[in-house]
């Protein structure tokens, strides 16, 4: 099965545009099973849709390499158009839902677990009083939800987004420190002892700036406990298990922790929303409110400041 990539257009009449979802899911996940899980269908259905489309277009769209399905040259061209279609469909959904949102007023915000639980959740009462016709949904998780695919309307992230047609605003910085339970710190004379034990994120998260600092200053053998949740690390440190690198906004307000002398890298906080939503009233109002909240509470992030800059 082979054809010139340019000839694909001659078969457009046989193209089922619903197949775009299947192609994009395969490209994102690399396997039929994972694509099926994303689309909530079985692997056989994904395989059948792919083979049917390849037969109609007369070309192979994916090839298997080291257990992964990767797009061929022709597949890349089809996917390029497919991604454009996905963006347009998402934009149409925005238009339709925005009209309805004036009545239902649902705005979805996503942020990492620690920020959602320890800061954003505390703002919800203020949001309710300011926007009584809006319903806020706060999605906590370390996975970055896709704004283009409408998994969220607003994202707050600890790294500047680099993909997608987004409006981005800088919220400030979040600082980190080394903390320990008072008793543990006292036994170490209020200093970071080279023989002390540490708690840290799991290995999949060790490329974060604060964890890179930890790897540069602490022997791996001194890490005695790991977790992918910062709140778990907080509780472990409060229990006297060892030192922990923690966000100041969380640890500074815990009576069961004290801060030890250390200079760690800070991280920037960013807010992003799809460009087509920038002038939608319900989203714009929440964005402006969030920017004001972060500016007001800059001291909670340990002196982080700076105005929000939009681009």
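The values are calculated or read from the model by the stated rules, or taken from the named source; none is laboratory data. Because the structure is a prediction, the values reported are computed rather than measured. Quick reminder, even Gly has a Cβ in these numbers, built from the backbone with ideal geometry, and neighbours come from all protein chains shown.
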Item checked: Condition check for residue 187: in the same structural domain as residue 236 (by TED's automatic domain parsing) and without any contact (Cβ under 8 Å) to a residue 12 or more places away in the chain -> yes
Margin query: Being under 28 Å from the mean Cα position of the chain (by Cα) and assigned to a loop (DSSP other than H, G, I, E, B) is the filter here; which residues of the stretch 15-65 pass it?
Written below: 18, 30, 31, 40, 41, 42
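Results for (1) closer than 22 Å to residue 181 by Cβ; (2) modelled with pLDDT of 90 or more, shown as yes or no for each residue.
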site: 223; (1), (2): yes, yes
site: 226; (1), (2): yes, yes
site: 269; (1), (2): no, yes
site: 275; (1), (2): no, no
site: 292; (1), (2): no, yes
Notebook entry, point to check: Within the group 158, 138, 147, 134, which residue is more than 17 Å from residue 250 (Cα to Cα), under 14 Å from the mean Cα position of the chain (by Cα) and modelled with pLDDT of 85 or more?
Noted result: 138
Next item on the list: Please work out which one of (1) buried (at least 16 other Cβ atoms within 10 Å of the Cβ); (2) touching a helix residue (DSSP H, G or I) at 6+ places or on another chain (Cβ under 9 Å); (3) closer than 28 Å to residue 245 by Cβ is the condition residue 140 fails and give its number.
Entry: (1)
Note to self: For the structure I just gave you, tell me whether residue 229 is under 25 Å from residue 116 (Cα atoms) and surrounded by fewer than 21 Cβ atoms within 10 Å (Cβ to Cβ).
What the structure shows: yes
Next item on the list: Being in contact with a strand residue (DSSP E or B) (Cβ under 7 Å, 6 or more places away or on another chain) and either surrounded by fewer than 17 Cβ atoms within 10 Å (Cβ to Cβ) or part of a helix (DSSP H, G or I) (or both) is the filter here, so list the residues in the stretch 263-286 that pass it.
Entry: 268, 275, 278, 282, 283, 286
Checklist line | Residue check for residue 8: closer than 20 Å to residue 84 by Cβ and at pLDDT 90 or above | finding: no
Note to self: If residue 199 satisfies all but one of (1) within 20 Å of the chain's Cα centre (by Cα); (2) within 16 Å of residue 246 (Cα to Cα), what's the number of the condition it fails?
What the structure shows: (1)
Notebook entry, point to check: Within the stretch 192-204, which residues are more than 18 Å from residue 258 (Cα to Cα) and either surrounded by 15 or more Cβ atoms within 10 Å (Cβ to Cβ) or assigned by TED's automatic domain parsing to the domain that holds residue 140 (or both)?
Noted result: 201
Item checked: Unmet requirement for residue 191, which otherwise passes all of (1) under 30 Å from residue 295 (Cα atoms); (2) modelled with pLDDT under 90; (3) touching a strand residue (DSSP E or B) at 6+ places or on another chain (Cβ under 8 Å) -> (1)
